[in-house]
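Have a look at the structure below before the remarks.
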Amino acid sequence: MAHDVFVSYSHKDKVVADAIVSYLEFKGSRCWYAPRDIVPGADWAASIMDAIRGAKVMVLLFTDYANTSTQVAREVNLAVSNGVTIIPFKMTNSMPTQGMQYYLSTVHWLDALSSPLDQSIKQLDARVRGLLSGAPVQQMPASMPTIVIEKKRPAWLIPVIAVLGVLALACAILLPRLIGGSGRTDSDVPETAAEAPEEGEASGPIESIAIPTSGSAQIADPANTGTQGNFQGNYQNDAFAASDGEWFYFRGSDGCLYRMRLDGSERTQLSDERCSSIGVIDGYIYYSTVGSSGYVENICRMRTDGSEQTTLYNGMFEEFMIVDGRMYFKNSLDSLKLYSIALDGTDLRCEGSTTGLYYLTIWDGRMYWANDEDGRCLYRANLDGSEATKLTRNGVDSITVCDGWIFYNDLGDHGFHMLDAETLEDRTLIMMGIYDPVVSPYGIVGMSSLESLHLFRSELGAAGGTVLTDYKIDDISVVEGFIFFTNEDDGNVYMMDIYGGNLMKL
């Protein structure tokens, strides 16, 4: 497939890579990145080598994960050897490893730390299109640019509504229907801890978190996300935490599967394999594990006490979720088509011929996705791909569902929208992007595009929201009033309550 841009990234940074590819292609630059563009059955290494040789520009998503990735280093080496122009998109203050410095010492970096992510991606797009059009390139520095450690803001839980005056418009639209207030105010919320706690450290037993009293006339049943065993938003974010009402089941900082009681006691390791896609149904834990290739390859299940571990499916896949008693996923080796399998591992089937189901969401027997063949616009179809309908004029990403509302980021106005799945009434909820959104009875939780991907929460019955941490994070699961997340600064998994308290390393 013809392309101009090769996107090199660690698979742990896929959400940002998706956003970059989505915007660049929306603006007309054809991209190539794995696993999307690897032909089913083709040799992975050969496909990547051919793609790099055929590219004019490489966008290097430079994070701590990419900095230590041997695969990313090989891709950079091959790009340099073939004269491909490299644009490092810097999302960490870490100095490049010695090997990376060797290849990137004379390359002009794009600093994505000093501006909101959406603005940085716009700058990246301008630079890419300038290079592809043959415009003069800015003089390259002779050595690595000095990396300045930015001073962090105090973690006061800054209200986003104070940052954006344009939220007044959203308030005018939504407040007649979004009513009520939380029983807990911002003045009750503790400031974020300045230093990460030690593993398992907490001020005492974990107190249960009540569902906020603020309601929404639009989201009548915020627990109704169309999936079983976990919220749909959690499934779409790796689902590395779940609950059966008695226990938390979660991926620890070492990647392994654990459980502990809701008060934080009796922590027990259940598996020694790296896990994700956790769902708990009828006494079983359903989860995925990472294969030797470094990609998610296995669907497994075990009893909630860790017994009877069984592999139900083997094959590369993405966006696992359980709907109506079946496990659904996109088959990475079959052009990201929708597949499903019974909960006992039988009756594997391909649901239809639709390919490239980006940001897949399932609701009420139909699927919603970003259509790569049409600028990543939002589409809806039956599970077999029939009756496909275009729903938006602009490209979208970060799609999820709750109570019949389809939530998504609009790449045209960069707002967070909600679309009625029946009437197709579309409303702008917040005038900023929210990545990895999880909609639950505890509010909308995600990564704020205006706050350097810091953890953000908005109550269902209010416009605006609150920044909860100064950490740059990845992966979000909301369970029993607690937010489980990965801290990109140290790579560890943490949990905190929805108000920013009870921070604990897992």
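What follows draws every value from the coordinates through simple rules; no lab data is involved. Predicted model, so just to flag it, every value in this text is computed and none were measured. We place every Cβ from the backbone using ideal geometry, glycine too, and count neighbours over all the protein chains shown.
Observations on the structure shown:
- Extension gain for Gln119 to Asp374 (0.36 nm times residue separation, less C-alpha to C-alpha distance): 89.5 nm.
- Relative to its residue count, the range 5-132 spans a Cα convex hull of 101 Å³ per residue.
- Stretch gain in nm, segment Tyr295-Gln309, where the contour uses 0.36 nm per residue and the Cα spacing is subtracted: 3.0 nm
- On full extension, the segment bounded by Ser353 and Arg261 gains 28.8 nm, given 0.36 nm per residue less the C-alpha separation.
- FRET E, pair Ser253, Thr106, Förster distance 41 Å, beta-carbon r, rounded to 0.05: 0.65
- As a ratio to 2.2 N^0.38 Å, the alpha-carbon radius of gyration computed for the range 258-407 takes the value 1.14.
- P(r) tail for the range 383-506: Cα pairs beyond 22 Å make up 36% of the total.
- Computed E for Ile211/Asp364 - FRET, C-beta separation, R0 25 angstrom, nearest 0.05: 0.55
- Spin-label pair Thr70/Asp221, simplified geometry with 7 Å Cα→Cβ offset, distance in nm: 5.1 nm
- Estimated FRET transfer efficiency when R0 is 30 angstrom, pair Arg427-Lys27 (beta carbons, to 0.05): 0.70
- Label positions at Asn82 and Asp43, each projected 7 Å from the Cα along the C-beta direction, are separated by 1.4 nm.
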